[in-house]
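Have a look at the structure below, then the notes.
The values are calculated or read from the model by the stated rules, or taken from the named source; none is laboratory data. Please read all numbers here as calculations on a predicted model, not as lab measurements. Every residue, glycine as well, gets a Cβ built from its backbone with ideal geometry; the counts of neighbours run over all protein chains shown. Just the protein is used for accessible areas: all its heavy atoms, side chains included, with ligands, DNA and RNA removed. Shrake-Rupley method; radii C 1.70, N 1.55, O 1.52, S 1.80 Å.
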Amino acid sequence: MKIYVPFKPTNPKSRLSKIMSEKERREFAFQLLLDVLESCEDAIVVTSSRDDRLRGLKYEIDDRDLDTAVTSRIKKEDSAFIMSDLALINKKIVKGFLDTDGDVVIAPGRKGGTNMLLSRSREFYTSYHYGSFLKHIRIAERLGLSLSVFDSFYASIDIDDESDLLELMLHGKGKRSYEYLESIGFYVDFSEKEPKLKRS
């Protein structure tokens, strides 16, 4: 089972542009990627463009859209795809995901996305974005494939907006991305009824 981690090095995490500069977002995205790679054995980064920071890592350059890049690999062999911003996953979660039975296995994101996907079928194809979790279920059903949903709180948290940063700061101590956020002044304020993300 090959594990691929799609990674966009240019202008990443644009939804954080109000609270982080582009340089900070680029570095943060790379630290998220390293967190994910530490949880995966022998994963291959699929990147849309060359980036010097990827030296020493296994990577493939593929500038096609996400669906084309992912589906082309599914057509070749059993493959798993883990998004590069799942900072809170760990080796135990990844192993549990890979060991789950089914022609297709999906770990959903909190907002209806597909955070991890595994296909043991050459017939399956993807349709990411805009509620992809339900779309992928429908595709598997239409093709008559067996499907399992992998239920994991940590795998459901992909880091895209400020509320996701809060989850990372609450649960991610010890992660590279957590340490980077701390180094540029982010912290959690517990002085009110609910914890809030703040920056010094």
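Residues that are out of contact with any strand residue (DSSP E or B) (no Cβ under 6 Å at 6 or more places or on another chain) and open to solvent by 10 Å² or more (accessible area, probe 1.4 Å) within the stretch 76-87 comprise 76, 77, 78, 85, listed in sequence order. Looking at the stretch 165-193 only, could you name the residues that are acidic (Asp, Glu) and at pLDDT below 95? 192, the sole residue that qualifies. Selection within the stretch 143-168: residues that are assigned to a helix (DSSP H, G or I) and open to solvent by 20 Å² or more (accessible area, probe 1.4 Å). The member of this set that is nearest to residue 82 (Cα to Cα) is 154. Scanning the stretch 104-139 for residues that are under 12 Å from residue 67 (Cβ atoms), out of contact with any Leu (no Cβ under 9 Å at 6 or more places or on another chain) and among the hydrophobic types (A, V, I, L, M, F, W, C) gives a single hit, 117.
To keep it simple, each residue is scored yes or no on (1) surrounded by 18 or more Cβ atoms within 10 Å (Cβ to Cβ); (2) of a type in the set (Phe, Trp, Tyr); (3) touching a Phe, Trp or Tyr at 6+ places or on another chain (Cβ under 7 Å).
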residue: 102; (1), (2), (3): no, no, no
residue: 105; (1), (2), (3): yes, no, yes
residue: 112; (1), (2), (3): no, no, yes
residue: 119; (1), (2), (3): yes, no, no
residue: 123; (1), (2), (3): no, no, no
residue: 127; (1), (2), (3): no, no, no
residue: 130; (1), (2), (3): no, yes, no
residue: 134; (1), (2), (3): no, no, no
residue: 138; (1), (2), (3): no, no, no
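Taking strands (runs of 3 or more DSSP E) as the structural unit, those lying wholly within the stretch 1-115 and holding at least 2 residues that are within 13 Å of the chain's Cα centre (by Cα) correspond to 2-7, 44-47, 79-82, 104-108.
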